[in-house]
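Structure first, commentary second.
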Amino acid sequence: MFKKFLWQENCKTRKWALISWDWLSRLSKDGGLGLRDPYVLNQVMGAKLWWRWTQGGQELWKAI
(Lines give C-alpha, C1' and ligand atoms only; values in the text may rest on other atoms or scores of the structure.)
Protein backbone atom coordinates (compact mmCIF):
# COMPACT_ATOMS: atom_id res chain seq x y z
CA MET A 1 0.00 0.00 0.00
CA PHE A 2 2.84 2.40 0.86
CA LYS A 3 4.62 1.51 -2.36
CA LYS A 4 1.58 2.09 -4.56
CA PHE A 5 0.90 5.43 -2.91
CA LEU A 6 4.45 6.72 -3.20
CA TRP A 7 5.32 5.44 -6.65
CA GLN A 8 1.90 5.41 -8.34
CA GLU A 9 2.27 1.85 -9.65
CA ASN A 10 -0.55 -0.06 -11.29
CA CYS A 11 -0.84 -3.38 -13.18
CA LYS A 12 -0.11 -1.95 -16.63
CA THR A 13 2.82 0.36 -15.94
CA ARG A 14 5.74 0.49 -13.57
CA LYS A 15 7.54 3.63 -12.62
CA TRP A 16 10.95 4.09 -11.11
CA ALA A 17 11.24 4.93 -7.45
CA LEU A 18 12.80 8.35 -7.08
CA ILE A 19 13.27 8.05 -3.32
CA SER A 20 14.77 5.08 -1.47
CA TRP A 21 12.81 3.29 1.21
CA ASP A 22 15.67 3.88 3.66
CA TRP A 23 15.22 7.62 3.28
CA LEU A 24 11.42 7.42 3.63
CA SER A 25 11.58 5.32 6.78
CA ARG A 26 13.97 7.67 8.57
CA LEU A 27 12.54 9.68 11.44
CA SER A 28 11.18 13.06 10.40
CA LYS A 29 13.67 14.82 12.69
CA ASP A 30 16.45 13.14 10.64
CA GLY A 31 15.02 14.37 7.32
CA GLY A 32 12.82 11.42 6.38
CA LEU A 33 9.07 10.97 6.30
CA GLY A 34 8.90 8.67 9.31
CA LEU A 35 7.07 5.83 7.53
CA ARG A 36 7.18 2.45 9.21
CA ASP A 37 8.88 -0.51 7.57
CA PRO A 38 6.05 -2.84 6.45
CA TYR A 39 8.06 -5.99 7.21
CA VAL A 40 8.74 -4.93 10.80
CA LEU A 41 5.14 -3.75 11.23
CA ASN A 42 3.87 -7.14 10.05
CA GLN A 43 6.14 -8.93 12.54
CA VAL A 44 4.96 -6.74 15.40
CA MET A 45 1.28 -7.19 14.60
CA GLY A 46 1.75 -10.96 14.31
CA ALA A 47 3.40 -11.07 17.72
CA LYS A 48 0.57 -9.02 19.19
CA LEU A 49 -2.02 -11.40 17.73
CA TRP A 50 -0.12 -14.41 19.04
CA TRP A 51 0.12 -12.82 22.52
CA ARG A 52 -3.62 -12.15 22.65
CA TRP A 53 -4.29 -15.73 21.49
CA THR A 54 -2.20 -17.25 24.30
CA GLN A 55 -3.61 -15.09 27.10
CA GLY A 56 -6.92 -16.92 27.37
CA GLY A 57 -10.28 -15.24 27.39
CA GLN A 58 -13.48 -16.05 25.56
CA GLU A 59 -13.38 -13.66 22.59
CA LEU A 60 -15.41 -14.70 19.56
CA TRP A 61 -12.48 -14.42 17.13
CA LYS A 62 -10.63 -17.18 19.02
CA ALA A 63 -13.54 -19.61 18.68
CA ILE A 64 -13.71 -19.04 14.94
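The values are calculated or read from the model by the stated rules, or taken from the named source; none is laboratory data. Values in this document were obtained by computation on a predicted structure and should not be read as measured data. Quick reminder, even Gly has a Cβ in these numbers, built from the backbone with ideal geometry, and neighbours come from all protein chains shown. Keep in mind that these areas ignore ligands, DNA and RNA; they rest on the heavy atoms of the full protein, side chains included. Shrake-Rupley method; radii C 1.70, N 1.55, O 1.52, S 1.80 Å.
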Is at least one residue of the stretch 23-40 at pLDDT below 75, out of contact with any helix residue (DSSP H, G or I) (no Cβ under 6 Å at 6 or more places or on another chain), in a helix (DSSP H, G or I) and open to solvent by less than 100 Å² (accessible area, probe 1.4 Å)?
no
For the stretch 43-61, check the following and say yes or no: at least one residue is exposed (fewer than 10 other Cβ atoms within 10 Å of the Cβ), among the acidic types (Asp, Glu) and at pLDDT 80 or above.
no
Which of the numbered conditions does Cys11 fail, given that it passes all the others? Conditions: (1) loosely packed, with under 10 Cβ neighbours inside 10 Å; (2) assigned to a helix (DSSP H, G or I); (3) at pLDDT below 70.
(2)
